[in-house]
Amino acid sequence: MRYLQCLSRYFLMTELSFIKPRTILQLLITGFALVSGILLIALTIAINQLDQISRQSQAAVSRSLTAMAASRVLLQQSGAMERNARQYAIVGEKEILGIYEERRRAFLAATDSLERLALSPALLSQATIIRNLEADAYTAIQSGDKISLETAFEQILEAATNLSTIVSNWSNMQIDTIARETSESQRLIAMQLLFLIAAAISLASVFVLLITRPLKQVATAIEQLGSGSYSTDISIGGPKDLVAIGQQLDWLRERLSHLDQQRTLFLRHVSHELKSPLAAIQESAALLEDGVVGELSTPQKELINIQVKSLQKLHNLIDELLRQHQRQYAVVSEFSQDIRLDKLIGRVLADHDYAIGTSAIDVSLNLEECCISGNREQLRVLLDNVIANAIRFSPEGGSLAIEMFQEENLFVILVKDEGPGIPDSEQEKIFEAFYQSRQQTTGVFKGSGLGLAIAREYAAAHNGAIKASNSDPRGACFRITLPAIGPGITVSGALPKTGKMNLVDYSPDL
């Protein structure tokens, strides 16, 4: 195990410099080839070990069978030869002697077979003894010495029995040896396999590290760019293709840094150029409101009041633009405020009090008291853009209906007007930035094409959505859905056409 750790550390330090893969693909192929090669070596070693054990077992079994067969032949032929020798000694016929000599040749062949096997020194010695005893017996047969003949065959039978015992003991010993060698070989194979598998795993871990480390560097670089941190250079090591990606990311970092500087400079200049004339207009409106040029009538004071509010709103929008820049243009900074949507709608309507009264628009409300968590200013801009759009397209003396209700886990806001409606082909396009609908108003001001685009952006930032459709029998209907966090209580009512809306229940104090 310590050797494997050293091997892994060596590979990590050198990063397989002897391979020098140029691409991730080459690195993967190289790692697969090396790991597969190690496992193939392990498999080859195991096969060779098992084959060697098999050959040794087969050889031992073959020699055991040959020796046992030869020992059985010796025992069988010894008894048969003794009977033939006795018959020949009594009868003296040549045919009996021929049978004896035939059995004698089988006996000597079995003895030769045992001697060639050379199983053990004791067996060789016993084979030599039995061969000499048979030679004495054959001499006694030829000389007709019956006493020597009986003595010789008794010794031959005893030697054959001893030889059979020696062969049996040798066979048992071989079986025990094979069992021990098999067990030892299995242990060695297991150790070799474990070592090679551990080496393969270590090598695979090295390649995984070589692949994942530069990929983590890429992920870190992307997170760095996403967080707006452009001061640190991006450098990625590893294969050449990842190094090239690192160079491209560093180029992108420099490009984003340059664009960010240009954006900052642009916003500073724009905010300064906007605030300078805006301050002059605000000062002029304040002088008019103070009656510097003469006493103003009540309608004139109302118009001046609307002008002052609009100028202040424009000033706030410029400040919000700068704040958004400081927050790196975050769509929603925090969802830490609980906001009453019904009161927020009332506040937006109060901002458009004069336009509603001038056009004698009949506003009807059917709202539920509800609370949502989100960014107050962005939700106000969302509702203001949609309601202002509906007021702008509403005909004089028309009606504007605003409904809000809870639908499962969503609050749904419907804003319906009696304007010209929205062609089906434009119901998605109107939410694109700078898109101008073919249905234009007859008023003095023309939209910029950004209001509904901003409304959709802010709705999506609050995990909501906004869609447009046509009302029946005429007019447009905007459906805004926002996630609900509390139950609603229905509050309904209608606003008069006088333009002096009684919004006690929808106080701007949210």
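A few points about this structure:
- Pairs meeting the criteria (first residue in segment 284-310 and without any contact (Cβ under 8 Å) to a residue 60 or more places away in the chain, second residue loosely packed, with under 15 Cβ neighbours inside 10 Å and among the charged types (D, E, K, R), beta carbons under 8 Å, at least 6 apart or on different chains) are E289/K301.
- Only one of L278, L311, L274 that is modelled with pLDDT of 65 or more, open to solvent by less than 50 Å² (accessible area, probe 1.4 Å), closer than 22 Å to Q378 by Cβ and over 46 Å from the mean Cα position of the chain (by Cα): L311
- Against the list (1) in a strand (DSSP E or B); (2) more than 39 Å from the chain's Cα centre (by Cα); (3) modelled with pLDDT under 85, the condition A355 fails is (1).
- Residues satisfying the stated conditions in segment 450-483, i.e. crowded, with 17+ Cβ neighbours inside 10 Å and either touching a His at 6+ places or on another chain (Cβ under 7 Å) or basic (K, R) (or both): R456, L482
- Top-ranked residue in segment 62-85 [being open to solvent by 70 Å² or more (accessible area, probe 1.4 Å) and in contact (Cβ under 8 Å) with a residue 60 or more places away in the chain; ranked as farthest from the chain's Cα centre (by Cα)]: R72
- Residue match in segment 49-58 (condition: modelled with pLDDT of 70 or more, in a helix (DSSP H, G or I) and under 28 Å from the mean Cα position of the chain (by Cα)): no
- Pairs, first closer than 23 Å to S54 by Cβ and among the acidic types (D, E) in segment 179-203, second modelled with pLDDT under 80 and open to solvent by 40 Å² or more (accessible area, probe 1.4 Å), C-beta under 7 Å, six or more apart: E181/Q56
- Among (1) within 30 Å of D250 (Cα to Cα); (2) hydroxyl-bearing (S, T, Y); (3) without any contact (Cβ under 8 Å) to a residue 24 or more places away in the chain, the one test that S143 misses: (1)
- The condition of being surrounded by fewer than 16 Cβ atoms within 10 Å (Cβ to Cβ) and either in contact with a strand residue (DSSP E or B) (Cβ under 8 Å, 6 or more places away or on another chain) or not in a helix (DSSP H, G or I) (or both) holds for only one of S231, S183, that being S231.
The values are calculated or read from the model by the stated rules, or taken from the named source; none is laboratory data. Since the model is a prediction, treat every value here as computed from it, not as a measurement. Reconstructed Cβ throughout: ideal geometry from the backbone, glycine too, with neighbour counts over all protein chains shown. To get the accessible areas, we keep the full protein, side chains included, count just its heavy atoms, and leave off ligands, DNA and RNA. Shrake-Rupley method; radii C 1.70, N 1.55, O 1.52, S 1.80 Å.
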